[in-house]
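Colleague: Mind looking over this structure? Questions follow.
The values are calculated or read from the model by the stated rules, or taken from the named source; none is laboratory data. Just so it is clear, the structure is predicted and the values come from calculations on it, not from any experiment. Cβ coordinates were reconstructed from backbone atoms using ideal geometry, including for glycine residues, and neighbour counts include every protein chain displayed. What goes into the accessible areas is simple: the full protein's heavy atoms, side chains included, and nothing from ligands, DNA or RNA. Shrake-Rupley method; radii C 1.70, N 1.55, O 1.52, S 1.80 Å.
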Amino acid sequence: MRRKIVAGNWKMNGSTDLVENLVGYVRSEVSSLDNGVEAVIIPPALYVRDVKSLAGDRISVGVQNVACWESGAYTGEVSAVMAKDCGCHYALVGHSERRQLFAETDATVADKVAQLMSQGLNAIVCVGETLAEREAGQAEEIVSAQVRKGLAGVSGDGWQNIVVAYEPVWAIGTGKTATSDDAQAMHRSIRKVLEDMGAPAEEISLLYGGSVKADNAAALFAEPDIDGGLIGGASLVAKDFVSICQAMPAGSES
Ligand code: PEP
């Protein structure tokens, strides 16, 4: 059965105040939901422990990035081992901002996925095309290659820890969202690629990300291959994040 996930990527935003104000509210609201949604909060690494202690068992916590290495002389890096040690269950890998601003390649993504698999952590692997690639009719080809290369090292039980987030680059933080039809088509195509790779494709949760808001989440989540969302800006506003969690249809587990 696929997990229904709404994950909030705080990016490089947040403070002790935000943690205190947002997490308790989200916890109390999400605990009364009966739609089976799993809420995941992904703050900057410095706040992971604070979020974890306020979130209790009801909300999962993640990191936005992990190193390609297990430990050692890599100043500034955070390892998958540390993420696990601090109570994280999830990590983002290959977010488009990491790819664009920090030169992460599909090979880097594969290395990070391997680190997460070695710790039994869930990898939310982000893929997506740029506007130029979409306009050139290359969107599916680009996304398919990112999935194949980034997940090339995954096999067997490892697939249970894989979540793929389709985030068209042109939709992130822009207020532009893919139409539900376009998002569904790409999710279906990703599931086909996973199947071709020998993965239990129907069991893998696929999230949509890119300007998801309270007023467009329900239409996206109603699509058969969209199992939830990766939320940036709206995850910093407690009520908006909760509304997006509420937009998950009840009984929609596949
Ligand atoms: C993101 O950062 O992954 C994201 C989807 O951002 P936003 O929701 O702000 O577009």
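Colleague: Is the shape of the chain rounded, prolate or oblate, going by the alpha carbon gyration tensor and its root eigenvalues a ≥ b ≥ c, with a/c under 1.5 for rounded and a/b larger than b/c for prolate? Could the numbers behind the result be given before it?
Modeller: Working: a/c = 1.40, a/b = 1.07, b/c = 1.30.
Note, shape of the chain comes out rounded.
Colleague: Roughly how far apart, in whole Å, are the Cα centres of the range 174-221 and the range 71-137?
Modeller: The range 174-221 and the range 71-137 have Cα centres separated by 19 Å.
Colleague: Right, something else. Ignoring ligands, DNA and RNA, what percent of the 1.4 Å accessible area of the chain is carbon and sulfur? Don't skip to the end; give the middle numbers.
Modeller: Values: 5420 of 10820 Å².
The computed percentage sits at 50.
Colleague: Continuing with this model, one more query. By how many nm would the segment from Tyr25 to Asp57 lengthen if fully extended, with 0.36 nm per residue of separation less the alpha-carbon distance? Present the calculation step by step, with values, prior to reporting the outcome.
Modeller: Working: separation 32, 0.36 × 32 = 11.52 nm, distance 1.43 nm.
Result for the pair: 10.1 nm of gain on full extension.
Colleague: Name all residues of the range 27-57 having a backbone nitrogen under 20 Å from the label point set 7 Å from the Cα of Thr16 along its Cα→Cβ direction, giving them as ranges.
Modeller: Those under the cut-off are 43-56.
Colleague: Which value in nm describes the separation of the simple spin-label points at Ala218 and Ala73, placed 7 Å from the Cα toward the beta carbon?
Modeller: With each label point 7 Å from Cα toward Cβ, the separation is 5.8 nm.
Colleague: I've got another one for you. Explain nothing, just the number: relative contact order of the range 153-227, from Cα pairs under 8 Å at least 6 residues apart, as a whole percent.
Modeller: Values: 89 pairs, mean separation 32.4, N = 75.
The value is 43 percent.
Colleague: Pop the C-beta distance of Thr105 and Glu135 into the FRET formula with R0 = 25 Å and round what comes out to the nearest 0.05.
Modeller: Working: r = 23 Å, r/R0 = 0.92.
After rounding to 0.05, the efficiency reads 0.60.
Colleague: I would also like to ask the following. Find the accessible area per residue for the range 41-142; the probe is 1.4 Å, ligands and nucleic acids are left out, and the unit is Å². Numbers along the way, then the final one.
Modeller: Details: 4810 Å² over 102 residues.
Per residue, the range 41-142 has 47 Å² of solvent-accessible surface.
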